[in-house]
Amino acid sequence: MLIYKILRKDEWAAFQAAGETQGAPVDLADGYIHFSTAETVAATAAKYFAGEDGLWLLAIESDTIADALKWEPARGTLFPHLYRTLRMAEVTLAVALPLGPNGHIFPALA
């Protein structure tokens, strides 16, 4: 199953340059990398990135990071949390997430 991570432009650039990331500031503060599912990623964008342009949407196959992935409750549902560094080689898709007049415009998600 694909899971999704939203990064700001500078966070995505740093990830590309380093080849790995420990996530955004919220991830560093919480001690794990937050991910969303196809069903929850739009709500995540609306809640935590409202009005922000220059975002990137990353897709990761959850099986490839299963060694350190835990599904934990938040906002009334289970969210995937990664308890280790995410490597660039684990990203299967990275697309710009433009801001439209009614919020972020998502591609078709699996």
- Identity of the residue in the stretch 79-110, β-branched (Val, Ile, Thr) and in contact (Cβ under 8 Å) with a residue 40 or more places away in the chain, that ends up farthest from ALA42 (Cα to Cα): THR85
- Task: Could you tell me whether any residue of the stretch 62-78 is in contact (Cβ under 8 Å) with a residue 40 or more places away in the chain, polar (S, T, N, Q) and in contact with a helix residue (DSSP H, G or I) (Cβ under 8 Å, 6 or more places away or on another chain)?
- Result: no
- Query: Which residues, counting only those in the stretch 22-44, are among the small types (Gly, Ala, Ser) and touching a residue at least 60 places away in the same chain (Cβ under 8 Å)?
  - Reply: GLY23, ALA38, ALA42
- Residues of the stretch 26-48 being under 22 Å from THR92 (Cα atoms) and either at pLDDT below 95 or of a type in the set (Phe, Trp, Tyr) (or both), in sequence order, are TYR32, PHE35
- Query: What pairs come up if the first residue lies in the stretch 1-21 and is on the phi < 0 side of the Ramachandran plot and of a type in the set (Lys, Arg), the second is crowded, with 18+ Cβ neighbours inside 10 Å and in a strand (DSSP E or B), and their beta carbons are under 7 Å apart, counting only those six or more places apart or on different chains?
  - Reply: LYS5/ILE33; LYS5/LEU58; LYS5/ILE60; ARG8/LEU55; LYS9/TRP56
- Query: Out of all the residues in the stretch 8-25, is one or more loosely packed, with under 13 Cβ neighbours inside 10 Å, touching a Lys or Arg at 6+ places or on another chain (Cβ under 9 Å) and not in a strand (DSSP E or B)?
  - Reply: yes
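The rows are residues; the columns are (1) among the basic types (Lys, Arg); (2) surrounded by fewer than 14 Cβ atoms within 10 Å (Cβ to Cβ); (3) over 19 Å from PHE15 (Cα atoms).
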| residue | (1), (2), (3) |
| --- | --- |
| LEU55 | no, no, no |
| GLU61 | no, no, no |
| ALA74 | no, yes, yes |
| ARG87 | yes, no, no |
| THR92 | no, yes, no |
| VAL95 | no, yes, no |
| LEU99 | no, no, yes |
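The values are calculated or read from the model by the stated rules, or taken from the named source; none is laboratory data. Keep in mind the model is a prediction, meaning the values are calculated, not measured. Using ideal geometry, Cβ is built from the backbone for each residue, glycine included, and neighbour counts are taken over all protein chains shown.
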